[in-house]
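J.: My questions all concern the structure below.
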Amino acid sequence: MAQSTEQQLLEKIVSLAKRRGFIFQSSEIYGGLNGCWDYGPLGVEMLRNLKDAWWRAMTTRHDIEGLDASILMHPRVWEASGHIQNFSDPMVDCRECKSRYRVDHLFGEMSEKRLKAISKAANVEGVLAKTIVMESRDVTKEQLAEIITAHTEKNSALFEALVQQELIPCPNCGRVKTLTAPRNFNLMFETYVGPVKDAANAVYLRPETAQGIFVNFLNVMQSSRQKVPFGICQIGKAFRNEINTKNFLFRTREFEQMEMQFFCMPGSDEKFFEEWREHRLNWWKSLGMPADKLRYKPHEKLAHYARAAGDIEFLFPFGFGEVEGIHNRTDFDLSRHQEFSGKSLQVHNEETKEKYTPFVIETSAGASRGFMAFLCNGYEEETVNGEQRTVLRLHPFLAPVKAAVLPLVNKDGMPEIAEKLEGDLRRSMKSFYDDSGAVGRRYRRQDEIGTPFCVTIDSDTLQDQTVTIRERDSMQQVRIALSQVKEYIQDRIAPPILL
RNA sequence: GCGGGAGUAACUCAGUUGGUAGAGUCACAGCCUUCCAAGCUGUUGGUCGCGGGUUCGAGUCCCGUCUCCCGCUCCA
């Protein structure tokens, strides 16, 4: 079957990423591990640059503090956050047509008649009788789905009975009694503290970095002498046991987040949500993403904690995909941690002399996804003088190598001058010395890894101590004094300025 | 988890009815080269994804499995 152009593009990027040392498959010599990837020498430089750009954009503000919380946290954290309840969905398979469903999604297409029959049957089991829903007599699909799902998580007997009574057919093939017993899919990775594997000492690998920020809210505020409104930011790994990984780095089980939680007064939350949404979109643009490959998409269904939410999406070869989520988390998290820990997380309002629980605006960017997005955004093939040129148009701040130093030919002392210059540059930026093959070939090699500047030592250098600097995207050259090279490049690889 | 496609050198791929694993690129060592790659010489590099089976003999046939891509499903 013919592959789409987009598919070929992604494969070319994956291939380049491996060949040049950006991304390798995890444990490759053992056949790989599903959805796990390693960052090679160039990949790790670029990833660090990306994280650095984000870290600078956050922590150079007066109202944001940094944090690096432990990946393992007290298990109660995840009860409070709702992950233990909401991150495990009962799912069923159809034995005949092999379709898979979340239990709560099974009721969407059902007829009123069938719903009533289910309600009746379920009520016999005494499930609905305990709920408020029955008092209003009319059970909506959503309510029924919620009740049965919640019940099924604890005990699957009712669900199985309903299937056997031919009340829940497969929505796809329509056959009855073909659905398997519900199984819980827990999206959190579980491990054990101490050498004994026992449910009593089970802990989780964090599925988001946010909770480390919430539980440290007061610690940070007091030690840094901040006052609401202010934010706490953190970069770190998070883990989700996804059913399916997909699209190279896009959906993986281990990934890195760049999160900032902004604490504010209730009532100011909507204003800060808008501000941060704008600000974060601008950040992506400031690193070279064109407006037509970025969009903001509001969530249609809101999570249990959110009042407003949306995604910043980038146009990947496979279509638009989320690179950052913006959420108004309200006071949900702090309130829950207050409730579960018994510790006050309220702050004092100096004007009204009252205590309140701050609202939180979350900006949660994917470092791994962002990395892939910039790789895809930068990749370009073009024809120059009849020859193909592959170039990674990365923002200079993101580029893994900032400058290559090349002797035009390997004689007349050019290599010596070039090596000395490269040694000087190396102290303040990632640089590379290359003397193999024709200079044009060396330029193209640097283009392929996104090096923004190539400095060439030629015969003029021997005469007047000047060199050429060739810019990656335009391929234009300028001639400047050897002594000016470091300053010239440093001016042009600075982090973007964010307004 | 289901369906489809793929897996042979670091990369892209050939490999005929089952009969001694190949090319180009890349890399490395030289030569050549005075500004936009694919000139010359040489070299390194392969458990043919992995494990079984059939066979005198398997990259090739059969079974299982892993990984990647696509589509479903999933993605609080």
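J.: Residue check: is residue A:496 surrounded by 17 or more Cβ atoms within 10 Å (Cβ to Cβ), closer than 18 Å to residue A:391 by Cβ, in contact (Cβ under 8 Å) with a residue 40 or more places away in the chain and not β-branched (Val, Ile, Thr)?
T.: Taking the combined requirement at face value, the residue does not satisfy it.
J.: Hey, which of the strands (runs of 3 or more DSSP E) in region A:1-85, taking only ones fully inside, have at least 3 residues that are within 21 Å of residue A:364 (Cα to Cα) and either away from RNA strand B (no atom under 11 Å from the Cβ) or modelled with pLDDT under 90 (or both)?
T.: Once the strands (runs of 3 or more DSSP E) in region A:1-85 are filtered for at least 3 residues that are within 21 Å of residue A:364 (Cα to Cα) and either away from RNA strand B (no atom under 11 Å from the Cβ) or modelled with pLDDT under 90 (or both), what remains is A:64-66.
J.: Among the residues of region A:1-57, write down those that are under 20 Å from residue A:392 (Cβ atoms), without any contact (Cβ under 8 Å) to a residue 60 or more places away in the chain and open to solvent by less than 40 Å² (accessible area, probe 1.4 Å).
T.: A:21, A:40
J.: Also: I'm trying to understand the selection: among the residues of region A:440-457, which are farther than 26 Å from residue A:374 by Cβ and crowded, with 18+ Cβ neighbours inside 10 Å?
T.: A:456, A:457
J.: Sticking with this one: Does region A:195-225 hold any residues that are open to solvent by less than 10 Å² (accessible area, probe 1.4 Å), of a type in the set (Gly, Ala, Ser) and touching a strand residue (DSSP E or B) at 6+ places or on another chain (Cβ under 6 Å), and which are they?
T.: A:210
J.: Okay, moving on. Hey, can you tell me all the residues within region A:334-371 that are within 30 Å of residue A:399 (Cα to Cα) and among the polar types (S, T, N, Q)?
T.: Residues satisfying the conditions are A:363, A:364, A:368.
J.: Sticking with this one: Quick check on my filter: what residues within region A:365-397 are free of Cβ contacts under 8 Å to residues at least 24 places away in the same chain and either in a helix (DSSP H, G or I) or more than 29 Å from the chain's Cα centre (by Cα) (or both)?
T.: Within region A:365-397, A:382, A:383, A:385, A:386, A:387, A:388 qualify.
The values are calculated or read from the model by the stated rules, or taken from the named source; none is laboratory data. Everything quoted here is computed from the prediction, not taken from an experiment. Neighbour counts are summed over all protein chains in view; Cβ atoms, including those assigned to glycine, are modelled from backbone coordinates with ideal geometry. Just so you know, the surface numbers come from the protein's heavy atoms only, side chains and all, with ligands and any DNA or RNA stripped out. Shrake-Rupley method; radii C 1.70, N 1.55, O 1.52, S 1.80 Å.
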